[in-house]
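Take a look at the structure set out below.
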Amino acid sequence: MTLGFGARLSEVFEASGRLCVGIDPHPYLLGEWDLADDADGLREFGLRVVEATAGRAGIVKPQVAFFERHGSAGYAALEQVLAAARAAGLVVIADVKRGDVGTSVEAYGQSWLTPGSPLESDAMTISAFQGVGSIEAPHRLALATGKGLFVLAATSNPEAAALQRAVLDTGPSAGKTVAASIVGDVHDWNFEEASLGSTGVVIGATVSLGDYGIEPRSLTATPILAPGFGHQGARVADARMLFGEASANVIVSASRSILAAGPSGIADAITAQSTEIRGAFA
Ligand SMILES: O=C(O)c1cc(=O)[nH]c(=O)n1[C@@H]1O[C@H](COP(=O)(O)O)[C@@H](O)[C@H]1O
């Protein structure tokens, strides 16, 4: 039987910790790394981050937008980075933030989650702002293939608050915020799995759960991808307080604050960040 994504994630937490190293090849970082802002530069950058992460952390999250800037050559580079990361045994979360309805979103799911597909990853970020029911097809595919989804719920960017804290006035989640209703629907999916669920949510470490009406106990079966640490201001030391009884499920995601260490310093930066996280979650 295929191991569910949540069960695999629990094993990775145990063996390698909860740090997720973001692979975000910003043009300015490529310059600092002495690499060109072209497909070859991105490939080299991604492969070096994978090499530095293997053995020091368990999860990477390539930001697909930077690869997409270079069209098909960028995608070819991304395919190599994804394959190298998976071959190194890392959990790969493709940060694609896709979302649509029906057969369109089903095709997005197939692109990133089908075993053997060129862009195969272990999980993808996805938007359910067209309704959580709209992502049912990728959800079914993920469960069947041992893959995962991370559904945007309370994102780290400040301009999202007005929309994601808005209160629903219709449907079974009436009275809840948009973010809390997504968290609740995902919880219902995960509750049916024996282990940690395979559908995660994205909750920025820059937000306060209470402001979004999200109860930590509604997250106890759900992996939480938490970006916002480092460059966006959230502190690892505060993470346990932020997520309360759901802390055990938190993936601490950081990109620029680690990548800024450059090619010669990144391995030490990953080790230092992992050590800080282990201390903060002990
Ligand atoms: O889904 C994400 O990873 C994500 C969600 C969110 O709410 N906020 C957020 O910053 N992200 C991503 O996380 C990464 C954050 O990068 P740093 O701020 O450099 O650590 C970027 O790739 C963002 O696109």
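No value in this document is a laboratory result; all are computed from the given coordinates. Predicted model, so just to flag it, every value in this text is computed and none were measured. Virtual Cβ from ideal backbone geometry, glycine too; neighbours counted across all protein chains shown.
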- request: Report the dimensions of the chain along its three principal axes from the alpha-carbon atoms, largest first, rounded to Å.
  value: 53, 42, 39
message: Can you tell me what percent of all Cα-Cα pairs in region 214-277 are more than 19 Å apart?
response: 35
- prompt: If you project the alpha carbons of region 146-217 onto the principal axes, what extent comes out on each, in Å, largest first?
  reply: 34, 27, 19
task: Restricting to the chain, compute how many DSSP beta bridges are antiparallel as a %, nearest 5.
output: 5
Euclidean distance between Cα centres, region 84-111 to region 186-242, Å: 20
- prompt: Using alpha-carbon positions, what is the distance between the centroids of region 132-153 and region 1-69, in Å?
  reply: 21
task: Enter the mean projected area of the convex hull around the alpha-carbon atoms of region 176-282, in nm², rounded to one decimal.
output: 7.0
task: Relative to the longest principal axis of the C-alpha atoms of the chain, give the angle of the C-alpha long axis of helix 136-145, reported between 0 and 90° and rounded to the nearest 10°.
output: 60
message: Just to verify a number: FRET efficiency for Ser257 and Ala88, C-beta to C-beta distance, R0 = 22 Å, to 0.05?
response: 0.50
Cα-derived Rg over Rh, computed across region 54-189 with Rh taken as Kirkwood radius: 1.00
Inter-label distance, nm, simple model (7 Å from Cα along the C-beta direction), Asp268/Ala73: 3.5
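Rounded to the nearest 500, what is the 222 nm mean residue ellipticity of the chain from helices alone, with -39500 (n - 2.57) per DSSP H run of 4+ residues and division by all residues?
Here the helix-only value at 222 nm equals -13000 deg cm²/dmol.
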query: Using Cα pairs under 8 angstrom and six or more residues apart, how large is the relative contact order of region 49-188, in percent?
result: 17
field: Sorted largest first, extent of region 122-170 alpha carbons per principal axis (Å)
entry: 36, 26, 10
message: Using only Cα atoms and rounding to the nearest 10 degrees, what angle (0 to 90) does helix 178-191 make with the longest principal axis of the chain?
response: 90
- prompt: In straight Cα distance, which lysines are under 28 Å from Lys176, not counting same-chain residues fewer than 8 positions off?
  reply: Lys97
